[in-house]
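Below you'll find the structure, written out as structure tokens, and then a few comments.
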Amino acid sequence: MKTNRNILSASILAIALIFTSLSLSAGASGDEAESEISVMHAPEVNVTADGIEVDISDDDEHTVIVYALTGQIVRTETAGNGKTSIDLPRGYYIVKVDKTAKRIIIR
């Protein structure tokens, strides 16, 4: 059983090294590399008196999903550049904007 684990560990390490070397060799050099880098700002989720406000700082559209603590989807909205308000009753929620999630309490 230890031999199988050692082989599996060695295989995972080898795959990780291959992907690392491929990603390093695929990158551009000099000025080209700088022009390909873009900074992504995480959307801000703020609690307001009536619910939440999602502040997006880029020009893309983002999906905002509000979950109850039970996992049930309470609201789904599309938010663009600027601030989007979502009215919610009092309670505990998880707000997910694309890949960013935040726990909030509406009092």
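We did not get these values from a lab; they are worked out from the coordinates using the rules stated. Only a predicted model underlies this, so the values are computations on that prediction, with no experimental measurement involved. Methodologically, a virtual Cβ is constructed for each residue, glycine included, from the backbone with ideal geometry; neighbour enumeration extends over all protein chains shown.
Both the radius of gyration and Dmax for region 44-106 are 10.7, 32 Å, in that order, over alpha-carbon atoms. A simple count of charges around residue 106, restricted to other residues whose Cβ falls under 13 Å of its Cβ and scoring Lys, Arg +1 and Asp, Glu -1, yields +2.
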